[in-house]
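Below you'll find the structure, written out as structure tokens, and then a few comments.
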Amino acid sequence: MGNRGMEDLIPLINKLQDAFSSIGQSCNLDLPQIAVVGGQSAGKSSVLENFVGRDFLPRGSGIVTRRPLILQLVNNKAEYAEFLHCKGKKFVDFDEVRAEIEAETDRITGSNKGISPIPINLRIYSPHVLNLTLIDLPGMTKVAVGDQPIDIEHQIRDMLLQFITKESCLILAVTPANTDLANSDALKIAKEVDPQGLRTIGVITKLDLMDEGTDAKEILENKLLPLRRGYIGVVNRSQKDIDGKKDIRVALAAERKFFLSHPAYRHMAERMGTPHLQKLLNQQLTNHIRDTLPGLRSKLQSQLLSLEKEVEEYKNFRPDDPTRKTKALLQMVQQFGVDFEKRIEGSGDQVDTNELSGGAKINRIFHERFPFELVKIVFDEKELRREISHAIKNVHGVRTGLFTPDLAFEAIVKKQILKLKEPSLKCVDLVVSELTALVMKCAVKLNSYPRLREETERIVTTHVREREGKTKDQVLLLIDIELSYINTNHEDFIGFANAQQRNTAANKKRPMPNQVIRKGWLTINISIMKGGSKEYWFVLTAESLSWYKDEELYLSTWGSNIWYKEAFIALMGKV
Ligand code: GDP
Ligand code: MG
């Protein structure tokens with residue numbers, strides 16, 4: 001039969017089917033399966049019952065099959081049935097099976113003959129069946145009866161499409177021979193989703209009911225509406241046979257006799273009838289599973305991978321697995337790093353509107369606290385004047401000087417520069433304490449692992465402390481550099497002559513605005529560190545002046561001719 005060694009494929013897919021049914025509809029894996037479609041009373045139920053050799057499906061007028069029935073036939077010595085929804089209970093009486101299908105259908109759909117896509121899973125073990133799984137679907141109908149919804153036709157159509165649209169689904173299209181084949185509901189809907197007829201298997205029922213003189217030879221020979229998998233004709237029991245409780249086995253014998261004796265079908269009798277259909281379906285399903293298995297496998301694997309990835313994000317998941325735990329811990333530490341950086345560098349996502357982030361606080365220290373600390377440096381004007389006077393006198397010594405000596409200027413200025421050390425170090429302290437607070441904040445996410453949190457905090461804080469010492473050394477060194485040499489040749493240094501020139505210009509116009517003052521605090525701060533000229537220091541003082549006092553006052557003082565000695569004193573006095 002060409003499928004030796006693959007007998008286990010159908011039971012394997014059955015297991016998957018059960019697993020997916022129990023986790024609900026959400027699973028989007030398409031299992032290879034055969035769906036039975038056809039118009040109402042086409043003979044779908046009859047075909048299935050013939051496979052089993054038992055009457056077990058609900059019958060009646062209207063829509064009897066109102067939920068998909070996943071029928072798993074399993075070749076087995078003992079004969080019984082089992083439902084997935086009441087697992088473990090063995091049904092040996094097939095009337096009970098029918099009653100259970102009816103009850104279970106009503107349980108979901110209510111008794112108003114509505115339909116539901118939630119399947120009923122029925123497994124039948126029997127020595128008469130070949131391993132085969134089929135899905136019995138509601139028959140297509142045109143009119144709603146009783147209190148059925150008016151759009152029942154569309155509802156059923158949608159449900160059928162849900163199953164047969166999937167490429168993995170073989171379509172068993174059941175058509176009664178006594179109707180116009182070209183108008184077959186089953187073939188029509190199958191053609192919609194399988195236009196080339198690659199996965200549709202045609203079943204022609206009711207061959208015995210055809211008008212005398214007509215036959216279905218053409219279609220059964222696959223000439224009329226060709227399908228790659230062909231057509232198979234069957235003869236089921238008539239309503240009269242069913243009412244008379246005609247045994248299925250007797251019916252099967254009658255079916256065989258029908259094909260053997262009919263002139264139109266005699267030549268292909270071996271390829272007709274229920275037993276052949278069953279064999280063919282078993283073979284085709286097995287081949288179909290074999291063909292779709294590699295794809296199914298890779299799909300399952302990729303789903304498994306994405307699930308595993310998801311699982312890893314649950315940090316407490318499976319704490320017994322050592323590698324998973326290490327990965328999770330590593331991920332948390334990395335996350336800590338990312339959080340820390342984001343809080344300093346700022347980030348677009350999750351902007352906090354309630355409080356300042358670490359980075360913003362550090363910015364405030366640089367641009368508000370530090371300048372404030374600078375202007376807070378107290379100058380005792382009297383004391384300063386006295387010091388300047390002493391410095392000048394001491395530089396002149398015994399002589400009476402004509403000009404203010406540079407040396408005196410330098411001595412006084414350097415003394416003022418020295419005062420920058422304290423606020424600069426304080427600035428470093430403030431930033432460090434802000435960083436430490438930030439470390440604590442970011443470590444909150446590690447709370448579920450107290451030792452990891454402790455260790456992370458310890459390591460990062462130690463590192464910050466270490467850098468703190470180095471930073472302070474560096475800041476002090478920079479100030480020392482500034483102290484060691486005052487560059488009066490620097491382009492920003494105005495000097496006495498220029499100051500006088502500016503003053504003459506200022507007499508005509510408004511005093512020239514000073515460029516340096518516009519550079520802002522950070523620039524000036526950096527300039528001090530880079531440069532080495534006294535005007536920087538001056539600017540610094542001037543800016544602290546303008547920060548709180550009147551800029552115009554500063555500018556006019558700057559532009560005045562008392563630049564060297566008097567301007568200095570005047571500026572100092574204003575701070
Ligand atoms: P379903 O609605 O498609 O499930 O159709 P059923 O299997 O319930 O069959 C509907 C009616 O058609 C029943 O009365 C069957 O006895 C009858 N029937 C089905 N197949 C055949 C057949 O091949 N020959 C005859 N004479 N009657 C059939
Ligand atoms: Mg039916």
**OP:** Find how much the distance from Asp429 to Arg59 grows on full extension, using 0.36 nm per residue of separation minus their present alpha carbon separation; answer in nm with one decimal.
**Re:** 124.4 nm
Original post:
Hey, if you put +1 on the Cβ of every Lys and Arg and -1 on every Asp and Glu Cβ in the range 340-439, which of Leu418, Leu438, Ser357 ends up farthest toward the positive end of that dipole?
Top reply: Leu418
Original post:
Under 5 Å between amide H atoms, partner at least 5 residues away or on a different chain: which partners does Thr65 have, H built in plane at 1.01 Å?
Top reply: Gly139
Original post:
Which distance in nm do the two modelled labels at Asp480 and Ala182 give, with both placed 7 Å along the Cα-to-Cβ direction?
Top reply: 10.6 nm
Original post:
Cα-based Rg of the range 29-123 per 2.2 N^0.38 Å, rounded to two decimals?
Top reply: 1.06
Original post:
Once the Cβ-Cβ distance between Leu12 and Lys87 is put in as r, and R0 is 22 Å, what FRET efficiency do you end up with, to the nearest 0.05?
Top reply: 0.75
**OP:** Let me know the shape class of the range 366-437, please: from the alpha-carbon gyration tensor, a ≥ b ≥ c as square roots of the eigenvalues, rounded when a/c is under 1.5, otherwise prolate if a/b is greater than b/c, or oblate.
**Re:** prolate
Original post:
If you take the beta carbon distance between Asp473 and Thr326 as r and set R0 to 41 Å, what does 1/(1 + (r/R0)^6) give as a FRET efficiency, to the nearest 0.05?
Top reply: 0.60
Subject >> Proximal charge balance of Thr200 [Cβ under 12 Å; K/R count +1, D/E count -1] >> reply: +3
Original post:
Once fully extended, how much extra length lies between Thr214 and Ala103, figured as 0.36 nm per residue of separation less the alpha-carbon to alpha-carbon distance?
Top reply: 35.8 nm
Subject >> Computed over the range 351-398, Kirkwood Rh from alpha-carbon pairs, angstrom >> reply: 14.4 Å
**OP:** Give me the number: length gained by fully extending Asn487 to Asp30, i.e. 0.36 nm times residue separation minus the C-alpha to C-alpha distance, one decimal in nm.
**Re:** 156.4 nm
Original post:
From the backbone phi of the range 156-173, what are the Karplus-calculated ³J(HN,Hα) couplings (6.51 cos²θ - 1.76 cosθ + 1.60, θ = phi - 60°) in whole Hz, Gly and Pro given as x?
Top reply: 5, 4, 4, 5, 4, 4, 3, 7, 7, 5, 5, 4, 7, 9, 7, 10, 9, 8
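Readers should treat all values here as calculations from the given coordinates under stated rules, not as data from a laboratory. Just so you know, these numbers come straight off a predicted model, no measurement behind them. When we count neighbours, we look across all protein chains shown, and the Cβ atoms used for this are built from the backbone with ideal geometry, even at glycine.
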